[in-house]
Amino acid sequence: MLIKIVLSMFLGILFYGHYPLVAGAQPVVFIQIKGEIDNSQVALVHRAMAEAESLDAKAIMIEIDTFGGLVDSAVKIRDMISQTPIETICYIKNRAWSAGALIAISHKHIAIAPGGSIGAAEPIPTTEKTVAALKAEFAATANKSGRNVKVAEAMVDKTVGFPGYAEPGQILALTDYQAKEVGYADFIAADREEVLSYYGLAENERREYQIGWSERFAGWLSDPTVKSLLLSVIFLAVFTEIKTAGLGVAAFTGLVAALLFFGSQWLTGLAGWLELILFISGALLILIELFVPGFGFWGISGASCILVSLFLTLGGNGSALATLSMSLIVAIIIFLVVLKYLPTSKLWTKLTLADAETKEHGFSSSADYTSYIGKEGVVITLLRPAGMVDIEGVHLDVISEGQYIEPGVRVKVVSCNGSRILVRRV
């Protein structure tokens, strides 16, 4: 037992820089969201909330200070906050604007610092579509947390306005006391300690989470361009491994790209066990195909598993399909460019035609009928204008110059173009 406790303390210091909390202490988990909202923040919140649930935390308190950021990242964080069974508190230290406002109003409780503000969430670019979509997100979030929906809508759509706070044509942003007046803040708190005291959490253990290198790296890997590049590397590795089976370089490169891709999506909460198991199963099935005679069930099943896992990890929507398609096209183009420099595997020889039917070996794409030019024959079937004639005992498919020619009439071959034989009435 003593060894277990010492080991837990060592791991806590190694990975988190402090001692692990005593089991059953019901800590308060602090998460700092500062600066631009992006996928790094998503990874941070995902990790902190997962550990908060495993620790049976008493409450999760997000301290926010942001001008905004990526809406899709804010929506992911909003979803995690809305779905957690743990009590959530937002402390607006200075401001929660734009995407930050969506995160703030998803909490059950909100406290705001003196001089703080919330709102100003008009999307950029400001089109009818983007405004309508974001307004719906704000309204649904406010409704779920029990707040005035009209206030949330006025933060996004300047045509709405909110009497006494923003005229139609002005976007709504609330100061500290205004937020308290309209129910978008429980009270105004000078610091974190005052927030904890207000909610009866001053005596609870505390654990704090800030963005580290792993979250920043995961955020960078989650950039759409980087994700698309990693997918292209994965596809290219599969093609190359089929072409050069046995070398292992392509397989190793693809494995590294897959680890980076799935690792970043795992840290941001977008990939789960299902997607990972599907990808690993697909890779194993393709590996089996490389050593089992015949191309069929194993290879097709493996490729399908990989594509489905990538599709689900990217979100399983139209955007995911577009990203997959673009990455696949890029991989195919690169593969075709380097194809002639790659050695050939046994599987590749089964998938491709190695021999060519060349003219030097006596092959031709069509028969040569030029020897019939000038010869005469008899029409066998009605030419209208195509039909059949008999020339020196050989039945040939021909075409007239446009007119109908009855059977029994003599005709003469006037030209040949490939397999097309043109005849004229004699």
Q. Can you tell me which residues in segment 206-226 are open to solvent by 90 Å² or more (accessible area, probe 1.4 Å) and free of Cβ contacts under 8 Å to residues at least 40 places away in the same chain?
A. 213, 225
Q: Kindly indicate the residue of segment 326-380 that is surrounded by fewer than 14 Cβ atoms within 10 Å (Cβ to Cβ), among the β-branched types (Val, Ile, Thr) and at pLDDT 55 or above and also nearest to residue 244 (Cα to Cα) among those meeting that condition.
A: 338
(Q) I want to confirm something. Restricting to segment 97-114 and keeping residues that are modelled with pLDDT of 95 or more and farther than 21 Å from residue 156 by Cβ, which single residue is surrounded by the most Cβ atoms within 10 Å (Cβ to Cβ)? (A) 111
Q: Filter segment 57-96 down to the residues that are of a type in the set (Lys, Arg) and under 27 Å from the mean Cα position of the chain (by Cα), then identify the one that is farthest from residue 157 (Cα to Cα).
A: 76
Q: Spot the failing condition for residue 315; the list is (1) outside any loop (DSSP other than H, G, I, E, B); (2) without any contact (Cβ under 8 Å) to a residue 60 or more places away in the chain; (3) open to solvent by 30 Å² or more (accessible area, probe 1.4 Å), and only one is missed.
A: (1)
(Q) So for segment 119-136 (the condition being crowded, with 22+ Cβ neighbours inside 10 Å and under 19 Å from residue 35 (Cα atoms)), does at least one residue qualify? (A) yes
Q | Conditions (1) within 26 Å of residue 194 (Cβ to Cβ); (2) out of contact with any strand residue (DSSP E or B) (no Cβ under 8 Å at 6 or more places or on another chain); number of the one not met by residue 51 | A | (2)
**Q.** Criterion: open to solvent by 60 Å² or more (accessible area, probe 1.4 Å) and among the acidic types (Asp, Glu) - qualifying residue of 87, 51, 63
**A.** 87
Q: Within segment 103-136, track down each residue that is in contact (Cβ under 8 Å) with a residue 40 or more places away in the chain and assigned to a helix (DSSP H, G or I).
A: 103, 104, 105, 134
Q: Taking the options 237, 258, 251, 303, name whichever one is at pLDDT 75 or above and surrounded by fewer than 21 Cβ atoms within 10 Å (Cβ to Cβ).
A: 303
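The values are calculated or read from the model by the stated rules, or taken from the named source; none is laboratory data. Everything numeric here is computed off the predicted structure, so don't read it as measured data. Heads up, the Cβs are rebuilt from the backbone with ideal geometry, glycines too, and the neighbour counts pull from every protein chain shown. When the accessible area is computed, the model is the full protein with side chains, heavy atoms only, and any ligands, DNA or RNA have been set aside. Shrake-Rupley method; radii C 1.70, N 1.55, O 1.52, S 1.80 Å.
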